[in-house]
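Reviewing the structure listed below.
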Amino acid sequence: MSCDCIVIGAGAAGMMCASLLGRKGLKVMLAEHGAGCGRKLAITGKGRCNVTNNCDVQTVMNNIPRNPKFMFSSLCGFSPADTMEFFEGLGVKLKTERGNRVFPVSDSAKEIVAALCDELRRTGVNVVYDEAVELIIENGAVKGIKTQQGEYYAKSVVVACGGRSYPKTGSTGDGYKFAKQAGHTVTAITPSLCPVVTAEHEECAGAMGLSLKNVTLSLYEQGKKKPLYSELGEMLFTHFGLSGPLVLSASAHIADVNKKHYRFEIDLKPALSDKQLDDRILRDFAQFENREFANSLVKLLPSKLIPIVVKRSAIAHDKRVNQITREERQALVHTIKHLDYTLLRLRPIDEAIITRGGVKVSEIDPKTMQSKLCEGLYFIGEVLDVDAYTGGFNLQIAFATAHSCAQHIIGG
């Protein structure tokens, strides 16, 4: 079988690219080794699908810690506004929530998947459920792919296999194999946007399930005073350590945990200065002057946090608040403003939202997503060494790179 283009991988990037090519009348084959299209897309955003972020191009780039400059051309060609227009054009009603996160009004990721599947059918894309095992390359140019069922030929081949996170949805890292076959460098593959295991995991387990809102989380590398990441938002205590949006975003800044040491610092009351917090504590102490220390914090902290803060402050839990000294109050203020946890490791990559690492971007044309090493071969989406924070930015990367690739293939 021969066609104009073969796209490997029916995820967000692959489905977008194939449908854009199909709109222009190209004969497109979309090869998917799983049982259906968009399986990972269907579980993103806890099943709601944070499809993009309603912001400008520069803001997207500011939220890409690895290789943001590589994304400039593709984001200019297909911005978040273009992504929103595309899906609304498919009949998906969208809404913008806190942090400019964009979701379908239905709060259903399956609606996004269904809209893309309908567009694939409408544009005549041939979806073939078959596993690609090898690229067909001759004289420095790709000619097609070999699958478990046979060989398929095309003028262009687009690798959109995703990364290695959530392998049960089909992201098994096959794209890296194809990249290496074509002579590409694949950078170290590690989890990103991932929960973390802390040295104080037993303490965290005591607060398991506690979700903190409007706290500031900062990530520090040992030996450095300036935080690698610091942001206001939400986080979660788990039985193994920490999770939630702030922790996931902070994990994007964590490099080799075997060579570097990191700690997290939580400001539980970022809206208050040290003095304002001390004044607040004094007011609470005045109200509960005959209570034991551990029972005086009920208005200040969630119940699951109180044992942690009491222990960290080194103030006896049964000490009467009217006996607590100024120095002890200062220790309490410091604990609340600087609750720290030591990173042991990231959780496994199959628990990560995305993969850090991938095809080295210096070997890819940033305007077209075409390989600089193999003519007619393209790489889009998570298979590239580009990743971003939470908030819809990673799907925007997928859609923007898919658009750049499609436009070049159409123009060629």
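Size of the dipole of the stretch 195-346 about the Cα centre, Lys and Arg at +1 and Asp and Glu at -1 on the beta carbon, nothing else charged, in debye to 20? Before the final figure, lay out the partial values.
On the way: 22 positive and 19 negative charges, 38 e Å.
I would put it at about 180 debye.
Stick to Cα atoms and the Kirkwood definition of Rh, then tell me Rg/Rh for the stretch 1-110.
Numbers: Rg = 15.1 Å, Rh = 15.4 Å.
Ratio value, two decimals: 0.99.
In 10 Å bins starting at 0, how do the alpha-carbon pair distances of the stretch 231-321 split up by percent?
Pair shares across the bins are 13, 38, 28, 16, 4, 0.
Just the number, please: percent antiparallel of the DSSP beta bridges in the chain, rounded to the nearest 5.
Details: 46 of 65 bridges.
The antiparallel fraction comes to roughly 70 percent.
Given labels modelled 7 Å from the Cα in the Cβ direction, how far is it in nm from residue 72 to residue 340?
3.8 nm
At 0.36 nm per residue, minus the direct Cα-Cα distance, what do residue 372 and residue 232 gain on full extension? Give it in nm, one decimal, please. Before the final figure, lay out each step's value.
Values: separation 140, 0.36 × 140 = 50.40 nm, distance 4.06 nm.
Gain on stretching residue 372 to residue 232: 46.3 nm.
Work out the FRET efficiency for residue 107 and residue 351 from their Cβ-Cβ distance, taking R0 = 30 Å, and round it to the nearest 0.05. Don't skip to the answer; put the middle values down first.
Working: r = 23 Å, r/R0 = 0.77.
Plugging the Cβ-Cβ distance into 1/(1 + (r/R0)^6) gives 0.85.
For the chain, build the charge dipole from Cβ charges (+1 Lys, Arg; -1 Asp, Glu) around the Cα centre, then report which of 253, 222, 99 sits farthest towards its positive end.
Of 253, 222, 99, it is 222.
Find which of 152, 332, 12 sits farthest along the positive direction of the dipole of the chain, computed with +1 on the beta-carbon of Lys and Arg, -1 on that of Asp and Glu, about the Cα centre.
With unit charges placed on the Cβ atoms, the residue in question is 332.
With a cap of 11 neighbouring Cβ atoms within 10 Å, and only residues DSSP puts in a loop, list the GluC sites (Glu not before Pro) found in the stretch 162-264. Before the final figure, lay out each step's value.
Values: sites: 200, 202, 203, 221, 231, 234; in loops: 200.
Loop-located and lightly packed - none at all.
With a Förster radius of 51 Å, plug the Cβ-Cβ distance of residue 318 and residue 362 into 1/(1 + (r/R0)^6) and report the FRET value to the nearest 0.05. Present the calculation step by step, with values, prior to reporting the outcome.
Values: r = 62 Å, r/R0 = 1.22.
The pair residue 318/residue 362 has a calculated efficiency of 0.25.
Once you charge only the Cβ atoms, +1 for Lys and Arg and -1 for Asp and Glu, what is the size of the charge dipole of the chain about its Cα centre, to the nearest 20 debye? Before the final figure, lay out each step's value.
On the way: 50 positive and 44 negative charges, 101 e Å.
Magnitude of the dipole: close to 480 debye.
Extension gain residue 265-residue 303, at 0.36 nm per residue separation less the Cα-Cα distance, in nm? Mind showing how you got there, number by number?
Working: separation 38, 0.36 × 38 = 13.68 nm, distance 1.98 nm.
Working it through step by step, the gained length comes to 11.7 nm.
Considering only Cα-Cα distances, which of the following residue pairs are longer than 32 Å: 146/372; 226/275; 95/177; 177/367; 93/226; 95/180? It would help to have the intermediate numbers written out before the result.
Values: 146/372 22 Å; 226/275 23 Å; 95/177 38 Å; 177/367 23 Å; 93/226 42 Å; 95/180 40 Å.
Pairs exceeding 32 Å: 95/177; 93/226; 95/180.
Let me know the whole percent of all Cα-Cα pairs from the stretch 292-345 that are separated by more than 19 Å. Don't jump to the answer; show the numbers that get you there.
Numbers: 327 of 1431 pairs.
Roughly 23 percent, rounded to a whole number.
Would you mind getting me the FRET efficiency between residue 279 and residue 239? Use the beta-carbon distance for r and R0 = 41 Å, nearest 0.05. Don't jump to the answer; show the numbers that get you there.
Working: r = 36 Å, r/R0 = 0.87.
Between residue 279 and residue 239 the formula returns 0.70.
What is the distance, in nm, between label points placed 7 Å from the Cα along the Cα-to-Cβ direction at residue 408 and at residue 291?
Placing both labels 7 Å beyond Cα along the Cβ direction yields 6.4 nm.
Reachable lysines from residue 24, Cα under 17 Å, same-chain residues fewer than 8 places away excluded?
155
Nothing charged except the Cβ atoms of Lys and Arg (+1) and of Asp and Glu (-1): what's the magnitude of the dipole of the stretch 268-412 about its Cα centre? Round to the nearest 20 debye.
Dipole of the stretch 268-412, to the nearest 20 debye: 680 debye.
When the Karplus curve 6.51 cos²θ - 1.76 cosθ + 1.60 is applied with θ = phi - 60°, which whole-Hz ³J(HN,Hα) does each residue of the stretch 105-121 get, with x for Gly and Pro?
Each residue of the stretch 105-121 in turn: 4, 6, 6, 10, 4, 5, 5, 5, 4, 4, 5, 5, 4, 4, 5, 4, 5 Hz.
Going Cα to Cα from residue 259, which lysines come in below 16 Å? Please leave out same-chain ones fewer than 8 positions away.
Within the straight-line limit of under 16 Å, residue 259 reaches these lysines: 224.
Per residue, how much space in cubic angstrom lies within the convex hull of the C-alpha atoms of the chain?
Working: hull volume 56.7 nm³, N = 412.
Per residue, the Cα convex hull of the chain comes to 138 Å³.
Hey, what do the phi angles of the stretch 268-285 turn into as Karplus ³J(HN,Hα) couplings, whole Hz, using 6.51/-1.76/1.60 and θ = phi - 60°, x for Gly and Pro?
For the stretch 268-285, the Karplus curve yields 6, 9, x, 7, 10, 6, 4, 5, 4, 5, 4, 4, 5, 4, 4, 5, 5, 4 Hz.
In terms of Cα to Cα distance under 20 Å, which aspartates and glutamates are near enough to residue 143, apart from those fewer than 8 places away along the same chain?
Within reach: 4, 32, 130, 131, 134, 151, 174, 363, 365, 375.
Stretch residue 151-residue 100 to full length: gain in nm at 0.36 nm per residue minus the Cα-Cα span?
13.9 nm
Where a number appears in this text, it was derived from the coordinates with a stated rule and is not lab data. Worth saying up front: this structure is predicted, and the values here are computed from it rather than measured. Methodologically, a virtual Cβ is constructed for each residue, glycine included, from the backbone with ideal geometry; neighbour enumeration extends over all protein chains shown.
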